[in-house]
Amino acid sequence: MHSIEELQQEIEKAMASLKIGSRPASLYDPAHYMLSLGGKRMRPLLVLAACEMTGGKINDAINAALGFELFHNFTLLHDDIMDNAPLRRGKPTVHEKWNTSTAILSGDAMFVKSVQLIQACGNRKVMDVFLSNALLVCEGQQLDMDFEKREDVSIDEYLEMITLKTAVLPGACLQAGALLASASEITASHLFEAGKNIGIAFQLKDDLLDAYGSEQFGKQTGGDILANKKTYLYLRSLQLLPESDALILKQLYTSKETGIQKVEAVKKLFDSVNIQEEIQQVMNDYFRLSLEHLEKTPVQKKNKLPLINLFDELMQRKK
C-alpha cells in the first residue's frame, strides 16, 4: 500500500508528463496554466487510493485519475467565468489572464481530453460512472446559479445542490477506482457513498473558509458574500437570527456593494449566532457518515488507513 504522500508524488509525475496539446498555443496554454496552479489533487488521490485499497494497481487507474482531475479543473475554469472570480489558488483566473472566449474554449478542450483519458481505461462501467456524474455536476452548477435569483432557497435545496455540484464527483472517483480493481458492485457503491458524504463535508468547509479563511486560501476573501451566494452559513443564519437582524442580512445580500465593509457586516451577523460552531457540527455529521460507509467495505482496516487519513486531512485543512 502506498501512503497518500506517495500517491501524490505519482499523480504529480503523471500530471507533469500529461500532453494535452500544443497547437494552437492560444487554446492549450490556458489549459496548461490552469493545471499548473496545483491544488489538492483530491479527486485523483481518491481514484488511486480506492483502486489500491480494493486490490488493484495504481498503474491501472492512473488514466482515470488524470481524467477526473482534468474534468474537475474544467469545471473550475468555467465556474470562475460564471462567478466572475478574479483569483484561483492565489493567481489570476484564466478569463482574467486571457479573455472569456479563450477560457470557454480551453475549458471545452480540457473536457474532451478528460473523456479520452477515461476511455483509455477500457472499462465501460467506469465510463458510465464518469459521464453520469459529470452530468450531475452540470445540474448542480445550474441550481447554484438559479439560487442567485431566488429568495426562498431552503437548506435542503442547498444541500442537494452541493451534493450534485461538488459531492458526487469524489464519490464517482472512489467508485471508479474500485471498479478498476474489479471490486464488487456493493463495495463500489459503499465507496461512492463515502466519497459523496466527504464531498458534502468538504464543500461546507469551503463555505466556512471562504468567509473566515485567510488570504492563504487562494481565493478572494468573502467572495461568496460579495457574490450574494446563498451558502449554508447564510441560510442557517437566517433561521437563527432575530427577525430584525435577518432582514438586515437579506438587505445586505441584495445590495450591490462589493467592499470589505459588506463582508465584515455579514460576518458580524454570522458570529452573533455562532455559525462557525453550527456548520462544524454538520460537517462532522457528514464526515461520520463517510467513515461508516468506508467501514462497510470488505477490506482490511490497515488498507483503509490511507483513505481515512486523507478524509481527516480534508476536514482539518486551513485553506
Segment 185-319 - percent relative contact order, Cα under 8 Å, separation 6 or more: 41 percent
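Run the numbers on the chain and let me know its relative contact order in percent, using alpha-carbon pairs under 8 Å that are six or more apart.
20 percent
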Full-extension gain in nm, LEU135 to ARG150, via 0.36 nm per residue minus C-alpha separation: 3.1 nm
Reach of LYS319 by Cα under 14 Å, taken over aspartates and glutamates that are not fewer than 8 positions away in the same chain: ASP206, ASP207, ASP210, GLU215
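Work out the FRET efficiency for ASN84 and LYS319 from their Cβ-Cβ distance, taking R0 = 30 Å, and round it to the nearest 0.05.
0.85
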Dipole moment magnitude, nearest 20 debye, segment 232-319 about Cα centre, only Lys, Arg, Asp, Glu C-beta charged: 420 debye
Estimated translational D of segment 215-319 in µm²/s (Stokes, Kirkwood radius over Cα pairs; 37 °C; 0.692 mPa s): 204 µm²/s
Lysines whose Cα lies under 16 Å from that of LYS268, excluding same-chain neighbours fewer than 8 positions away: LYS250
Pairs beyond 23 Å (Cα-Cα), from LYS205/LYS230; LYS19/LYS125; LYS165/LYS301: LYS19/LYS125; LYS165/LYS301
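No value in this document is a laboratory result; all are computed from the given coordinates. Keep in mind it's a predicted model, so treat the numbers as computed, not measured. Positions of Cβ are backbone-derived with ideal geometry, glycine not excepted, and every protein chain shown enters the neighbour counts.
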